[in-house]
Structure formats: C-alpha cells, structure tokens
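Peer 1: This structure is in structure tokens; I'll ask about it shortly.
Throughout, read-outs are computed from the coordinates displayed, never taken from laboratory work. Being a predicted model, the structure only gives us computed values, none of them experimental. Glycine also receives a Cβ, built like all others from the backbone with ideal geometry; neighbour counts cover every protein chain displayed.
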Amino acid sequence: MSSDPLKSAKNAIEATDKAARSVATGTAREAEWLVNQGYYAARRVRNRIRFVLERMILRGAIFRLMIISAGIAAISLVAGLLAAILTGGFESPGHAVWWAFLRMTDPGYLGDDEGMTLRIISTIVTVSGYVLFMGALIAIMTQWLNDRIKKLEMGLTPLVQKNHILVLGWTSRTADVLRALMMSEGRMKRFLLDLDSRTLNVVLLVDQVTAELRVELQEDLGPWWNERRITLRSGNMLSVDHLRRADFDNAAAIILPGEDYAGEETIANDTRILKAILSVERNLIVKPGQRPPSIVAEVFDARKVPIARMAYRDRIDILASDALVARIMAQAVRRPGYTHIVTEMLAHNHGQEVFVRTAPELAGKRVGGIHAGLKRGVFLGVVRGTDDDLRSYLNPPQDFELEAGDSIIVLAQRFEDCMPEEWQTDGAAAPARESFPASAQAARRVLLLGWSHKAVSLLGELGSFEGESYDVTVCSIVSPKKREKEIAAFGVETARLSITHVDGDFAVPAVLAGLKPESFDSVVLVASDRFRRVEERDARTVLGCLLLDHTLKGEAKRPPIVMELIDRENRMLFPARTAEVVLSPMLISYLLVQVALRRELGVVFDELFGPRGAEIMFVPASDFVEAGTPVSFPDIQRVVAAAGPIALGIRIASQCSEPGGGVELNPDRDRPILFGEADEVVVLAPDSRA
C-alpha cells in the first residue's frame with residue numbers, strides 16, 4: 001500500500017513537468033508567431049511600396065520623372081541637413097539643401113568644398129547625382145523617345161488629309177493596288193484635277209503596321225515606293241475609330257481589295273467587305289458641299305454585287321473577281337491569245353490602254369467622223385448616262401449620234417491621243433455583212449485541271465455562251481461529290497455543258513497521261529484554293545504545266561493551255577508558246593484602280609470581257625487583205641470597218657512565242673504591214689450569239 005503514494009507523487013511530478021513544458025512550448029510558438037507576423041507585415045509593406053512604384057513607373061515617362069525627382073529631392077534634403085548639422089558652415093538649412101542639389105547636378109562644384117566631412121558628403125552626393133540625375137534621367141528620356149518613335153511607326157496617329165485614296169486591308173492584292181496607283185500618273189493627275197487637288201496621297205489601313213510589313217511593301221513596290229505619298233496606319237476597317245484614324249470622311253476614293261484564295265472562307269471575305277461598306281456608310285460625316293468618297297470593292301460571289309451596291313448611298317462599284325477572272329479564262333478558251341490583249345489593256349505604262357474622255361464639243365456629231373479623225377488612237381464606243389446609271393455602247397453604228405454628257409472610249413497609248421485631230425464628213429455607215437465569221441467552234445472539248453471557287457465560275461461562263469456547247473472534263477483531288485454540290489449551289493447553267501468528273505491527281509504523270517490531253521481543244525489549269533500560301537498554289541500549277549508540256553511533247557496536235565498564277569514573278573517561267581497566263585491578283589488590282597480613278601471604265605470592261613455585247617475576236621487577215629501585199633493599219637481599219645467590226649490590232653503568227661504572243665494593238669500607222677497566211681487581225685465585233 002505504501003507504494004501507492006509514491007506512484008501518485010511521481011505521476012504528479014510528471015504531470016507538472018509536462019504542463020511546464022507545454023507552457024514553455026506555447027510561449028515559444030507564440031513568440032515565433034509574433035516574430036513571423038512582424039516579418040510578414042514588414043514584407044507586405046515593402047511589397048506594397050514596390051507595387052506602387054511599379055504602377056507609377058509603368059504609367060509613363062512623366063511618372064518616372066516624378067519618382068526620380070522625388071529621389072533627387074530626398075537626397076538633397078538629407079545630405080544638406082546632414083552637412084549643416086555636422087559642419088555648421090551654412091547660413092540656414094535651406095542653403096545647405098541647395099548646396100547638396102548643386103553638387104548632384106554639377107560635379108564641377110567639388111573643388112569649392114573645404115573640410116574632410118564636407119568633401120565626403122559632397123562626393124557621395126555627386127556620385128548619387130551621376131546615378132540618378134544623369135543616368136536615370138537619360139535612360140528615361142531615351143526610353144520615352146524610343147517608345148514614341150515606335151508608336152509613330154505603328155501608325156496610330158490620326159491623319160488629317162483631303163482627297164486622298166484610302167486602301168483598306170492588307171491582302172494578296174494590296175501591293176499590286178498601290179503599284180497601279182503609283183504607276184497611273186496620268187490618270188491620277190486627271191483624277192486630282194477634277195477634285196481641285198494637286199498631290200497624290202495614298203493611305204493604307206492595315207491591322208498592324210510593323211517594320212516587316214513596311215520592308216515587304218518597299219520590296220514589292222520597288223522604284224514605285226514613295227515615303228511622302230504612301231502613309232501606313234494601323235487599324236481594323238470594321239472599327240469606326242480606326243476608320244477615322246485614316247480620315248475616311250475626307251477621302252476621294254476608298255478601295256477594298258479582297259483576299260485572294262480564302263478557300264472555304266470566301267463567304268467570310270465577302271461578309272468582311274460588306275461590313276466595311278456598311279461601317280463607312282453608317283458613320284460617314286459629309287460637310288455641306290463636300291462630295292462623299294466613292295467606293296470600289298471586290299467580292300468573290302457575283303450574286304452579292306446587288307446587295308453590296310445597296311449598302312452605300314453614293315457612288316459605288318463592285319467587282320466580282322471570280323466572275324471577271326472566269327470571263328477572261330473562258331474567252332481565252334474561245335479565243336486563244338485573248339489574255340495578251342487583256343493584259344495590255346489593263347496594265348499601266350505597257351502598250352495601249354483604254355481611255356474614257358468627256359467630249360462636250362462632239363455633241364451632235366456622228367461617230368463615223370471620229371473613226372477617221374483619230375490619227376493615233378482607235379475609237380471603241382461611247383459611255384452614256386449618269387453616275388447612277390452608266391451604259392457603254394461598244395462598236396456603235398457609224399450614224400450613232402453623240403449627246404451632251406457622253407464620253408468617248410478610245411484605245412490609245414496616251415490620253416492626248418484620244419481626240420480627233422481633224423473632222424471627217426459624217427458619211428452614211430457602210431453596209432455590214434449579214435454574218436461575221438466567228439473563230440469559236442460550235443462544240444469544244446475542254447480539260448479542266450484543278451478545282452477552286454473560280455473553276456465553278458468558269459463553268460458558269462462557258463455555259464452562258466449561246467449557240468456554243470462545251471464538253472468539259474474536270475480532274476482534281478477534290479471529290480466529285482463535292483464538286484457537283486458546289487456547281488449546283490452556284491446555279492451553273494448546264495444546258496450547254498457536258499461535265500465529266502475524274503477523281504485523280506493531275507500532278508501524277510500517269511493520271512495526266514491517262515486523260516489524253518492531246519485529244520482536247522483546250523486545257524485550263526486553275527490555282528487551287530486548298531493551300532493558303534502563294535508558293536504552294538503556284539507550285540502545283542507550275543508542276544501541272546510542266547507535266548503537260550512533257551506529255552504533249554512530240555504530239556502532232558498541241559491544244560492551247562490557259563493557266564492561272566498568283567505570283568507575277570512566276571509569269572517569267574513560261575514563254576507565250578507554252579501557255580497563256582492569267583495573273584488574277586494583278587488583273588483584279590489594276591481593274592480596281594482604273595475603276596476607282598475613272599468609274600466609267602467599269603461598264604466598259606464589263607461589256608468588253610463579258611459574254612454578251614461587243615467582243616474581241618481574231619479573224620484571219622486573208623479575209624480582208626491579200627497575203628504578201630504591204631498595207632498600213634489605216635488601210636486595214638477601213639477594210640474592216642466596211643464589214644462592220646473595228647480593227648484593234650494585228651497578231652503575227654511567227655511572233656506567237658515571244659512576249660505578248662505576237663499581238664500588237666493599235667500599231668504604228670506609218671509602218672507597212674506584210675501579212676502571212678497564218679496572221680490575224682484583232683477586231684471588236686458585235687456578238688452574233690447575244
């Protein structure tokens with residue numbers, strides 16, 4: 001029993017020790033917690049100060065200067081008061097602070113200090129001044145200047161312009177549009193003269209202006225790049241604020257080029273163009289007496305043209321690029337060599353161009369006198385109507401009488417050649433033939449290699465020619481089911497078409513040889529829209545043309561080849577004898593610019609390249625003149641005019657392999673021409689099938 005009290009005492013002692021240890025441990029933890037709390041509080045204060053400084057520094061150069069100024073003031077105050085207390089050699093604390101500030105800003109004062117203490121303080125203050133006043137200030141100003149220059153290069157400064165040409169968006173056509181604007185000097189001068197302006201200013205609004213974009217544009221334009229006349233601005237053409245940054249209210253004309261080969265995004269491209277037109281329409285502010293800017297835009301789907309025209313209340317021209325390129329390719333199928341004529345007519349500073357000139361002094365005159373009166377140009381027709389309703393009359397009868405407000409259409413090298421030098425008597429029109437010989441066949445077999453949205457338009461154009469039928473074989477890696485679906489969705493008229501779909505890759509030699517291209521009347525290669533990069537699209541087309549050339553080598557019959565390319569540099573890879581090349585982005589860009597500078601050209605080219613109305617044809621020269629007999633071009637004009645058409649130029653068969661395909665429009669009037677049996681005359685004749 002005696003052991004029980006001892007055990008109880010032992011337990012009590014252990015409990016007491018345990019309680020004491022618990023108290024000690026709790027106290028230590030509490031002390032540690034308090035220490036940690038103090039550390040955390042101090043760290044939060046430090047972080048808070050750093051955060052405030054960070055926010056102030058990031059707010060710009062002014063706030064950075066404020067921080068530096070506060071640091072300079074603090075050092076000057078502390079150093080001045082310290083010097084006043086330790087040396088007692090200053091009249092007042094204010095003088096001491098001023099002394100410290102002078103030492104910070106100018107180290108030349110160091111030699112004036114006396115005494116070790118004052119010199120030590122002065123040296124420390126001067127070194128601090130080098131770091132803060134000189135180093136930090138220069139760094140802040142340098143960074144501010146760099147940031148400011150970078151922002152200026154980004155094109156964020158709002159413009160103040162008047163009567164400028166505004167190009168919206170960076171696409172595969174933009175560089176060609178700018179080049180055409182800079183090259184069309186004569187048209188631009190006349191355009192500016194109508195606006196009572198002297199200087200051409202082109203503004204390009206892109207999503208983001210970068211140094212890489214500027215360099216790319218300079219390389220594309222080459223000698224046509226002009227820093228003073230071309231201004232870049234960053235912005236989205238769907239944003240009103242960004243449009244105002246480009247001063248769209250005061251623009252003379254707005255050009256909206258499309259993005260070539262958007263693939264499945266063609267609907268998105270047209271939607272983007274329509275939205276941009278609506279943005280301009282809804283937010284345009286026009287001052288009294290000011291003419292609203294005209295709009296020239298490109299869409300892919302021709303069915304959206306009426307909708308786009310309704311979106312803008314003033315002058316607007318919509319070009320359906322797919323339909324236009326398809327028309328040119330379809331005409332090239334019907335008239336081999338046609339692309340050489342189109343390229344010369346649309347390109348600037350390259351041979352003959354189509355001009356539209358107002359001629360109020362010719363009101364009441366008959367066009368029969370204009371033909372003979374033009375000594376250096378070829379009369380094509382008349383444009384009549386108002387801005388809202390323009391109509392072209394190509395190859396009108398010789399007794400067609402001009403009215404006030406009419407404009408004449410002339411093919412010439414210069415605008416100055418577009419007026420008659422002398423007036424001839426308006427005689428009666430010579431009797432025309434009852435039927436004019438057509439070079440197109442009644443039935444034609446066409447091999448179409450590749451598939452794109454332009455291929456659908458091409459089939460639609462071929463099916464629109466009345467009195468003609470086409471047997472078209474399509475070979476592409478796109479499934480026939482998808483092709484048929486797209487043809488049906490587009491509403492292609494198939495009454496005059498017989499379409500055979502082949503599922504295969506024409507880039508495989510065996511597949512191409514199995515198609516027997518030598519059995520066709522024409523072969524067409526369209527650039528694929530399955531690839532987004534220009535190099536990939538053209539590479540496949542170039543490969544197909546090379547394989548075709550190899551497959552047809554040695555064949556007695558070699559069908560004409562028409563191919564579409566995107567990059568103009570690839571045009572030089574093929575001589576005219578190999579294939580006719582349609583550079584779709586360049587042609588569309590040139591047409592956009594020509595219509596923007598002279599909107600009457602829109603209706604002229606629409607009829608000239610379209611399936612109805614007057615059309616360009618190649619007719620054997622032997623139909624008009626005797627082979628081997630020297631004649632002049634005016635002689636040819638008179639003989640052709642007696643048959644009804646208008647002579648535009650000649651095509652020499654021996655020169656077909658040279659650049660231009662042997663085609664010469666409006667040749668020199670004084671040069672004698674000696675035709676061979678295979679030579680032809682280029683004429684503008686009414687379409688007997690219309």
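Peer 1: Which of the lysines could a cross-linker span from LYS189 if the Cα-Cα distance has to be under 27 Å and same-chain partners fewer than 8 positions apart are dropped?
Peer 2: LYS162, LYS287, LYS375
Peer 1: Along the charge dipole of the range 537-639, pointing to its positive end and built from +1/-1 on Cβ of Lys, Arg, Asp and Glu, which listed residue (ILE566, VAL619, PHE605) has its Cα farthest out?
Peer 2: Of the candidates, ILE566 comes out farthest on the positive side.
Peer 1: Which percentage, to the nearest 5, of the DSSP beta bridges contained in the chain is antiparallel?
Peer 2: Numbers: 35 of 81 bridges.
For the chain, the DSSP antiparallel bridge percentage is about 45.
Peer 1: Ok, one more. Express the relative contact order of the chain as a whole percentage, based on alpha carbon pairs under 8 Å and six or more residues apart in sequence.
Peer 2: On the way: 1180 pairs, mean separation 71.8, N = 690.
The value is 10 percent.
Peer 1: Under 25 Å Cα-Cα from LYS485, which lysines qualify once same-chain neighbours fewer than 8 residues away are excluded?
Peer 2: Within the straight-line limit of under 25 Å, LYS485 reaches these lysines: LYS304, LYS454.
Peer 1: Rounding to the nearest 10 and keeping the result within 0 to 90°, find how far the Cα-based axis of helix 453-462 lies from the longest principal axis of the chain.
Peer 2: The helix 453-462 is inclined about 10 degrees to the chain.
Peer 1: If you fit an axis through the alpha-carbon atoms of helix 633-642 and take the longest principal axis of the Cα set of the chain, what angle between them do you get, 0 to 90°, nearest 10?
Peer 2: Here the helix axis deviates by roughly 70 degrees.
Peer 1: With point charges of +1 on the Cβ of Lys and Arg and -1 on the Cβ of Asp and Glu, referenced to the Cα centre of the range 59-153, which listed residue (ALA73, ILE124, GLY135) lies farthest in the positive direction of the dipole?
Peer 2: Final value for the positive-end residue is GLY135.
Peer 1: Here's something else I'd like to know. Going by average Cβ density within 10 Å per residue, which order do the peptides 593-605, 548-560, 664-676 take, highest to lowest? Working shown, then result.
Peer 2: Details: 593-605: 23.5, 548-560: 13.5, 664-676: 15.7.
Per-residue mean Cβ counts within 10 Å order the peptides as 593-605, 664-676, 548-560.
Peer 1: Right, another one. Of the listed peptides 62-73, 514-525, 194-205, what is their order by residue-averaged count of other C-beta atoms within 10 Å, with the highest listed first?
Peer 2: Ranked by mean Cβ neighbours within 10 Å, highest first: 514-525, 194-205, 62-73.
Peer 1: May I pose another question? Can you give me the three principal axis dimensions of the chain from its C-alpha atoms, in Å, biggest first?
Peer 2: For the chain, the Cα extents along the three principal axes come out at 143, 89, 48 Å.
Peer 1: Restricting to DSSP H runs of at least four residues, report the calculated mean residue ellipticity at 222 nm for the chain, -39500 (n - 2.57) per run over all residues, nearest 500 deg cm²/dmol.
Peer 2: Numbers: 21 runs with 296 residues, N = 690.
Taken over the chain, the calculation gives -14000 deg cm²/dmol.
Peer 1: In what sequence do TYR40, TYR312 fall when counting other Cβ within 10 Å, fewest first?
Peer 2: Numbers: TYR40 10, TYR312 20.
The most exposed by this proxy come first: TYR40, TYR312.
Peer 1: Treating only the Cα positions of the range 82-192 as identical point scatterers, give the base-10 log of I(q)/I(0) from the Debye formula at each q in 0.10 Å⁻¹.
Peer 2: -0.56
Peer 1: If you average over every viewing direction, what projected area does the convex hull of the Cα atoms of the range 197-290 give, in nm²?
Peer 2: Values: hull surface 30.2 nm².
Over all viewing directions, the range 197-290 projects a mean Cα-hull area of 7.5 nm².
Peer 1: Return, for the Cα atoms of the range 467-577, the radius of gyration and Dmax in Å, separated by a comma.
Peer 2: 14.8, 41
Peer 1: Which order do the peptides 495-503, 176-184, 49-57 take when ranked by the mean count of other beta-carbon atoms within 10 Å per residue, highest first?
Peer 2: Details: 495-503: 14.8, 176-184: 23.3, 49-57: 11.3.
Top of the packing list down: 176-184, 495-503, 49-57.
Peer 1: Which of ARG651, ARG357 comes first, and how do the rest follow, when ranked by fewest Cβ neighbours within 10 Å? If you can, show how the numbers build up before the last one.
Peer 2: Numbers: ARG651 23, ARG357 19.
Going from least to most buried by this count: ARG357, ARG651.
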